[in-house]
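Undergrad: Got a structure for you, questions after.
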Amino acid sequence: MLSKAGMSRLLYQRYWLQVVGIGFLASVALYLYGVPDGPDVSQHYRLAQGFFESIRGGDFYPSWLSSTNGGYGDPSVRCYPPALYYILSFFRLITGDWYIASVLTLSLLTVIGGVGMYLWASALTKQSYAVFAALLYMLSPFHANEMYQAGLYAQFACASVLPFVFAFTTRTIASSRWRDAGGLGLSYALLILSNLPLALLGSVAVGIYAVIRLAQSFSRRSLCQLVAGLLSGLALGCGYWLPMLLERKWKRPSGSGQEQWFDYKSNFIFHRSPNNIGDYWLPILVTTTLLMAVPAVVLLVRRNRQALAPALVALLTFLMATFLSKPIWDAFPALQETQFPWRWLTITSACLSILVTLSLPELVQMSRTRLRPLSFALLGITAIALSFTIFQIIRTASFQNRSTFDEKVASLQGSETNKYLLPIWVSEKPLTMNPAVEVAGRDAQVQEWSTKRREFKVEAGAATAARLRIFYYPYWQAVADGKQLTTRPASDGALLVSLPPTATTVTVNFVEPTTTRVAGVVSFLGLLCIGLLLAKPFTPARHGDK
């Protein structure tokens, strides 16, 4: 006969298996119908191909995309967080197929989101109820829409990591264990490395959540652990965010001064929008997401203490998605760069899923009294909302079968990058160049043309400038005969290299600055700190079934 501890471990493992099984079941449409399409999918695979080719060539963190924009390349890999593209590249490497890699990646992200929700909920209620948090989040209308209808893969990846940040924040405050602080650091770093806009909004939401939880049960030790976890996470992500912040001045700003679709002022929920998605589809998503959470009203009656923090965060994040928060958006340029106020609804969806889960014990008790019809009615409303996800979001998604998907991915080779990801000195359409180096009045021959190194020989002649089929970027450095040559952008953004009158061989290298190397060292130290914090194994959540 199993001991009490053995039975507890068995139940713990069973619940984890249930969550993973639910995750794969929730993503079965991917295996049946294919990869969901969306406006951002082309950009995702343009970047994924760049990451894959770079990794296969031995450069494990690419500095430059070389094949886009007709061969001019672009620095978009420097502003996009890399986590999604590493996962896609990993599965592409082991399967040899972008289609299978994509299905596996999106399925894995679905499961990860469910596991994170289970971990968060199990710190607040019994594990048997926590399993439902995973199901609710996977099928919550707004969250499911991110992948199936909108094709926001990077945001979906970030949304899958977000519950872990809330979970380890909760566990750290509740139990004051350093290994939970390590989990917080790792999950926070992955949040930053998945999607920058949602990471910024999520950081604010988690901060508010932590303050409320600390106000309920303050501990100086827990506060120190939270700070240690967040700082180690920031350090681990430094290799991405520090270079990105230093190079922001060379990129067009986001969120204002762009087309209406990308302007935050045009993207509040329940407010006039420049397109049918904002005027029609988004209000339906918001309404069904709120309907899903109707059973949580019982928590108001019961005054559940555990529900206070997620309830307040759900309310605040919902309000931040509405026009009522416009004065706040107007005051903070960093917030404006997230472009879409409705991004807050990802956090709202996670918190509402937790609230519904916390209401389940109350509904079970109600079902044993004369209020049984009411409990069933409340759960029925949630079931209707989740069925909307299955029949209207997943079933009607625009899936790409293998042939369509492969054709689309192949067509992205050399395709144009979104103009808002190009440097500010680049025009919308650079001149077509063939060959890759042009020198007026002088003969030039290309010797080498790789991702981060270009070399060409030029005959003697008048001092002039060579035009290269590369977009200018300050980190491209040209050297001839041991001397550095002057570089500058052409009127359309191409790289111009000033040449001496003598015959010479010019080498152009992409040279990372010292700050990039410093950021890499900080990331390594952050990883080391997280490893030390995670030295001890995790234990089951303290709200286990009895």
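The values are calculated or read from the model by the stated rules, or taken from the named source; none is laboratory data. Keep in mind the model is a prediction, meaning the values are calculated, not measured. Cβ atoms come from the backbone with ideal geometry, glycine included; neighbour counts cover every protein chain shown. Quick note on the areas: whole protein, heavy atoms, side chains included, nothing else; ligands and nucleic acids left out. Shrake-Rupley method; radii C 1.70, N 1.55, O 1.52, S 1.80 Å.
Undergrad: Find the centroid of the Cα atoms in the stretch 327-366 and in the stretch 190-261, then give the distance between the two in whole Å.
TA: 16
Undergrad: Would you work out the relative contact order for the chain, in percent, from Cα pairs under 8 angstrom that are 6 or more residues apart?
TA: Averaging sequence separation for qualifying contacts and normalising by length gives 20 percent for the chain.
Undergrad: Which label marks the calculated value of Cα extents along the principal axes in Å, given the options [x] 82, 57, 48; [y] 96, 50, 48; [z] 101, 58, 38?
TA: [y]
Undergrad: With the cut-off at 1.5 for a/c, could you classify the stretch 307-439 from its C-alpha gyration tensor as rounded, prolate or oblate?
TA: Cα axes put the stretch 307-439 in the oblate bin.
Undergrad: Something else: In vacuum, with every alpha carbon of the stretch 1-158 counted as one equal point scatterer, what does the Debye formula give for log10 I(q)/I(0) at q = 0.08, 0.13, 0.14, 0.15 Å⁻¹? Two decimals, please.
TA: Debye curve over Cα of the stretch 1-158, log10 I(q)/I(0) at q = 0.08, 0.13, 0.14, 0.15 Å⁻¹: -0.30, -0.69, -0.77, -0.84.
Undergrad: Here's another thing I want to ask about it. Give, in nm to one decimal, the length gained when the segment between residue 401 and residue 503 is fully stretched (0.36 nm per residue of separation minus the Cα-Cα distance).
TA: 31.3 nm is the gain from fully extending residue 401 to residue 503.
Undergrad: What residue among 86, 114, 176 has its Cα farthest toward the positive end of the dipole of the stretch 82-233, where the charges are +1 on Lys, Arg and -1 on Asp, Glu, each on the Cβ?
TA: Positive-most Cα among the choices belongs to 176.
Undergrad: So how do 261, 476, 342 rank on accessible area, 1.4 Å probe, biggest first, that is with the largest at the start?
TA: So the residues, ranked largest to smallest area, are 261, 342, 476.
Undergrad: Accessible area per residue of the chain at 1.4 Å probe, in Å²?
TA: It amounts to 44 Å² per residue over the chain.
Undergrad: While we're on this one: Output the Kirkwood hydrodynamic radius of the stretch 84-145, Cα pairs only, in Å rounded to one decimal.
TA: 12.7
Undergrad: Using a 1.4 Å probe on the protein heavy atoms only, what accessible surface does residue 178 show? Give it in Å² to the nearest 10.
TA: About 100 Å², rounded to the nearest 10.
Undergrad: Taking the Cα centre of the stretch 275-431 as origin and charging only Cβ (+1 Lys, Arg; -1 Asp, Glu), how large is the dipole, in debye to the nearest 20? Walk me through the numbers on the way to the answer.
TA: Working: 13 positive and 8 negative charges, 168 e Å.
So the dipole magnitude of the stretch 275-431 works out to roughly 800 debye.
Undergrad: For the stretch 43-137, with all protein chains present and a 1.4 Å probe, just round the carbon and sulfur fraction of the accessible area to a whole percent.
TA: Its accessible area is 67 percent carbon and sulfur atoms.
Undergrad: Given charges of +1 on the Cβ of Lys and Arg and -1 on the Cβ of Asp and Glu, with all other atoms neutral, how large is the dipole of the chain about its Cα centre, in debye to the nearest 20?
TA: Dipole magnitude for the chain comes out near 2260 debye.
Undergrad: Can you give the calculated 222 nm mean residue ellipticity of the chain, where each DSSP H run of n ≥ 4 adds -39,500 (n - 2.57) and the sum is split over every residue, rounded to the nearest 500 deg cm²/dmol?
TA: Theoretical 222 nm ellipticity from helices: -17500 deg cm²/dmol.
Undergrad: Label the stretch 222-327 by shape, choosing from rounded, prolate and oblate, from the square roots a ≥ b ≥ c of the eigenvalues of the Cα gyration tensor; if a/c is under 1.5 it is rounded, and otherwise prolate applies when a/b is larger than b/c, oblate when it is not.
TA: Values: a/c = 3.00, a/b = 1.08, b/c = 2.77.
Oblate is the answer for the stretch 222-327, as a/c is 1.5 or above yet b/c matches or exceeds a/b.
Undergrad: Any idea of residue 387's accessible area? Nearest 10 Å², probe 1.4 Å.
TA: Answer for residue 387: close to 40 Å² accessible.
Undergrad: Using a simple spin-label model with points 7 Å from Cα along the Cα→Cβ vector, what separation in nm is obtained for residue 413 and residue 93?
TA: A separation of 2.2 nm, rounded to one decimal place.
Undergrad: Heavy atoms only, 1.4 Å probe, whole protein assembly: order 143, 271 by accessible area, highest first.
TA: Sorted by accessible area, descending: 271, 143.
Undergrad: Need the full-extension length gain, residue 365 to residue 252, defined as separation in residues times 0.36 nm minus the C-alpha distance. One decimal, nm.
TA: Numbers: separation 113, 0.36 × 113 = 40.68 nm, distance 5.59 nm.
Extra length from residue 365 to residue 252 when fully extended: 35.1 nm.
Undergrad: Please work out how much length the chain gains when fully extended from residue 59 to residue 265, using 0.36 nm per residue of separation minus the C-alpha to C-alpha distance, in nm with one decimal.
TA: Full extension from residue 59 to residue 265 adds 70.2 nm.
Undergrad: Still on this structure, please answer the following. Rounded, prolate or oblate: which fits the stretch 113-202, taking a ≥ b ≥ c as square roots of the Cα gyration tensor eigenvalues, rounded meaning a/c under 1.5, else prolate when a/b beats b/c?
TA: It is oblate, given that a/c is not under 1.5 and a/b is not larger than b/c.
Undergrad: Using a Förster distance of 22 Å, how high is the FRET efficiency between residue 381 and residue 305, based on the Cβ-Cβ distance and rounded to 0.05?
TA: Working: r = 25 Å, r/R0 = 1.13.
My answer for the efficiency is 0.35.
Undergrad: Could I ask something else about it? Given H placed on each backbone N at 1.01 Å, which residues far from residue 493 in sequence or on other chains put an amide H within less than 5 Å of it?
TA: Excluding prolines and chain starts, which carry no amide H, the hits are 427.
Undergrad: With charges set only on the Cβ (+1 for Lys and Arg, -1 for Asp and Glu), what does the dipole of the stretch 398-459 come to about its Cα centre, in debye to the nearest 20?
TA: 200
Undergrad: Also: Across 5 Å bins from 0, what is the distribution of all Cα-Cα pair distances for the stretch 59-109, in whole percents?
TA: 4, 20, 22, 19, 22, 11, 1
Undergrad: List the residue ranges in the chain for DSSP H helices whose C-alpha atoms run 20 angstrom or more along the long axis and whose Kyte-Doolittle average is 1.6 or above.
TA: On the way: long enough: 4-26 (33 Å, 0.48); 41-56 (22 Å, -0.38); 98-122 (35 Å, 1.47); 153-175 (34 Å, 1.08); 178-192 (21 Å, 0.74); 196-216 (30 Å, 1.68); 220-236 (24 Å, 1.07); 344-366 (33 Å, 1.41); 372-388 (24 Å, 1.55); 514-533 (29 Å, 1.73).
The qualifying helices are 196-216, 514-533.
Undergrad: Principal axis extents for the stretch 341-398, Cα atoms only, whole Å, descending order, please.
TA: So the extents along the principal axes, rounded to whole Å, are 45, 24, 13.
Undergrad: Ok, one more. Hand me the trypsin sites (Lys or Arg not before Pro) from the stretch 331-438 located in a DSSP loop with no more than 13 other Cβ atoms within 10 Å, in residue order please.
TA: When the trypsin sites (Lys or Arg not before Pro) of the stretch 331-438 are filtered for loop state and at most 13 Cβ neighbours within 10 Å, 368, 370, 395 remain.
Undergrad: Next question, about the same structure. Using modelled amide H (1.01 Å from N, peptide plane; none on Pro or chain starts), what sits under 5 Å from the amide H of residue 499, excluding residues fewer than 5 places away?
TA: Amide H to amide H, under 5 Å and 5 or more residues apart or across chains, residue 499 pairs with 464, 465, 466.
Undergrad: Ok, one more. Accessible area, 1.4 Å probe, largest first: how do 42, 63 sort?
TA: 42, 63
Undergrad: Spin-label point model (7 Å from Cα, Cβ direction): what's the residue 32 to residue 517 distance in nm?
TA: It works out to 5.5 nm between the two label points.
Undergrad: How large is the accessible surface of residue 459 in square angstrom, using a 1.4 angstrom probe and rounding to the nearest 10?
TA: We get 90 Å² for residue 459.
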